[in-house]
Amino acid sequence: MEKMWAGRFEKALDQLADDFNSSIHFDSRMYRQDITGSMAHASMLGACGIISMEDSALIIDTLDAILRDLEEGTLGFDFGAEDIHMFVEAELTKRIGDVGKRLHTARSRNDQVALDIRLYLRDEAKTIRGQLLELIGVINDQAKKNVYTVCPGYTHLQRAQPISFAHHLLAYAQMFKRDISRIDDAVARMNFSPLGSCALAGTTYATDRRMVAKALSFDGITENSLDGVSDRDFCVELLACLATVMMHLSRFSEEIILWCSWEFKFVELDDSYTTGSSIMPQKKNPDIAELVRGKCGRVYGDLMATLTVLKGLPLAYNKDMQEDKESIFDAIDTVKLCLSVFTPMLDGMKVLKENMLRAAKGGFINATDLADYLTKKGLPFRSAYKISGTIVGLCIKEGKVLDEVSLEEYKRYSELFEADVYDAIDLTACVAQRVSEGGASFSSVEQQITKLSEYLEREKESIH
Ligand code: ARG
């Protein structure tokens, strides 16, 4: 196909160089945004008298037909085209001749591509937001089933204090809620139309940039044409959001992998989300969780790649910037894919409550409560801590747990111990007593679930 810019050249582009330069095999996915943007542009050109209203209408109708044909599969992409923008324009011109050639008035591919990516990312951010809400819904459902499931809470991966398993799950709900709000922030900053910045310096035509921005539901226009075509910090920002989503998914996956191991055996994943081994018949591997954990690396890489491409680039547009797309597309695809398997996997996860309780009983995780018991009876916390530690040391030597120490023995360490010490160190009581706001108590967990349900309800309403 002859290049749009062939007039200035004496020789055709080398085939390999042509392929190297081309981006249609990855930017064709923005066809809908490219066509929608062009329709808004054509409409503005007509309204401002830059092209005739008839030409504007014909361009819009034809673009609409091209969009339909692409969606229905009656029109395929020409992978010989340089990019999606050239392809759509060439198809338009093929259908309506010279009128089609008027579309690119007062526009450049530089502001066109800056517009398309924004529109595309805005759409994808909405999809990912919906997927995250679904995940939070599943976490909340699992939490509801596990309010009274007592398990060890850990620090340093050492059993630390007893908590409700729901409390552990709900911690992730908070992280994913923040991920959503981070994505919302990124979209709000991204949502300004660069169209009309043209190649770099704006245009001599009397365009109406705000009309285009309004038609495409932007919150306004970018204020500096150089910035409009050069800025990709909105890509970096969204990538950082996506990298954070993956970091959270990866931590959650890691825990699920640990919980599935024979060493923990806290949960069992559904057969439909685990795999067997080709050689060891006893194995049930958490491959899905492992892959989600592993795919975090690619999204971190996408973020790094984009930051590095942009580093040191002079203003305004440089072809390096074409490299933004594969990274951000990969990050979006990866996050969407991971969420689409992680959420149902979590939904089908069976919680082995007795095993959790057994583990909770084994690790002296009520030692803090023993110290708190003495403190509440008037002893300074540090002294109480020391006495509890000594008793734990004794138990380890004798191979027993705190509940098995007799009152007589307790009294040997402090006269403050009474028969009610056993109630104070009962695991369920230990959890129930952590009533500080946001703590692990059953009542706090119930409150968190109620608040989360309200949040999900509000979000559902704002979508409809
Ligand atoms: N495919 C190009 C990109 O993604 C479109 C912009 C081309 N602009 C140019 N001046 N060559 O960046």
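The values are calculated or read from the model by the stated rules, or taken from the named source; none is laboratory data. In this text, all values refer to a predicted model and were calculated from it rather than measured experimentally. Heads up, the Cβs are rebuilt from the backbone with ideal geometry, glycines too, and the neighbour counts pull from every protein chain shown.
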So Phe176 fits all but one of (1) part of a helix (DSSP H, G or I); (2) on the phi > 0 side of the Ramachandran plot; (3) of a type in the set (A, V, I, L, M, F, W, C); what number is the exception? (2)
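Per-residue answers, yes or no, for (1) part of a helix (DSSP H, G or I); (2) at pLDDT below 95; (3) within 30 Å of Val138 (Cβ to Cβ):
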{"site": "Lys386", "(1), (2), (3)": "yes, no, no"}
{"site": "Thr390", "(1), (2), (3)": "yes, no, no"}
{"site": "Asp423", "(1), (2), (3)": "yes, yes, no"}
{"site": "Thr428", "(1), (2), (3)": "yes, yes, yes"}
{"site": "Glu446", "(1), (2), (3)": "yes, no, yes"}
{"site": "Leu456", "(1), (2), (3)": "yes, no, yes"}
{"site": "Glu461", "(1), (2), (3)": "yes, yes, yes"}
With respect to Asp111, determine if the residue is within 12 Å of the ligand (Cβ to nearest atom), within 15 Å of Leu216 (Cα to Cα), in a helix (DSSP H, G or I) and of a type outside the set (Lys, Arg). yes
Contact list please: Cβ distance under 6 Å, first residue in segment 133-154 and small (Gly, Ala, Ser), second residue at pLDDT 95 or above and in a helix (DSSP H, G or I), pairs at least six apart or on different chains. Gly137/Leu456; Ala143/Ala166; Ala143/Leu169; Ala143/Leu170; Ala143/Ile449
Scope segment 19-44; condition within 15 Å of the ligand (Cβ to nearest atom) and of a type in the set (Val, Ile, Thr); matching residues: Ile24
Would you pick out the residues in segment 200-244 that are outside any helix (DSSP H, G or I), surrounded by fewer than 22 Cβ atoms within 10 Å (Cβ to Cβ), of a type outside the set (D, E, K, R) and under 30 Å from the mean Cα position of the chain (by Cα)? Leu216, Ser217, Gly220, Ile221
State yes or no: is Met39 hydrophobic (A, V, I, L, M, F, W, C), under 33 Å from the mean Cα position of the chain (by Cα), at pLDDT 95 or above and under 21 Å from Tyr205 (Cβ atoms)? yes
Name every residue in segment 263-286 that is part of a helix (DSSP H, G or I) and exposed (fewer than 15 other Cβ atoms within 10 Å of the Cβ), in order of residue number. Asp271, Ser272
With respect to Ala143, determine if the residue is within 16 Å of the ligand (Cβ to nearest atom), under 30 Å from Cys241 (Cα atoms) and crowded, with 18+ Cβ neighbours inside 10 Å. no
For segment 50-68, does any single residue satisfy the condition of being surrounded by fewer than 18 Cβ atoms within 10 Å (Cβ to Cβ) and closer than 18 Å to Tyr205 by Cβ? yes
Could you tell me whether any residue of segment 314-329 is of a type in the set (Val, Ile, Thr), under 20 Å from Gly130 (Cβ atoms), touching a residue at least 24 places away in the same chain (Cβ under 8 Å) and more than 16 Å from the ligand (Cβ to nearest atom)? no
Tally, over segment 128-147, of residues that are among the charged types (D, E, K, R) and under 16 Å from the mean Cα position of the chain (by Cα): 2
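Of everything in segment 251-271, what is more than 17 Å from Tyr172 (Cβ to Cβ) and in contact (Cβ under 8 Å) with a residue 40 or more places away in the chain? Give them in sequence order. If you could, list the steps in order and put the result at the bottom.
Within segment 251-271, the first condition is being more than 17 Å from Tyr172 (Cβ to Cβ), and the residues that meet it are 261-265, 268, 270-271.
Listed by number, the residues that qualify are Phe264, Lys265, Glu268, Asp270.
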Can you tell me which residues in segment 345-378 are more than 12 Å from Asp403 (Cα to Cα) and of a type in the set (A, V, I, L, M, F, W, C)? Met345, Leu346, Met349, Val351, Leu352, Met356, Leu357, Ala359, Ala360, Ala371, Leu374
For Ala432, which of the numbered conditions (1) crowded, with 16+ Cβ neighbours inside 10 Å; (2) more than 21 Å from Ala171 (Cβ to Cβ); (3) without any contact (Cβ under 8 Å) to a residue 40 or more places away in the chain fails to hold? (2)
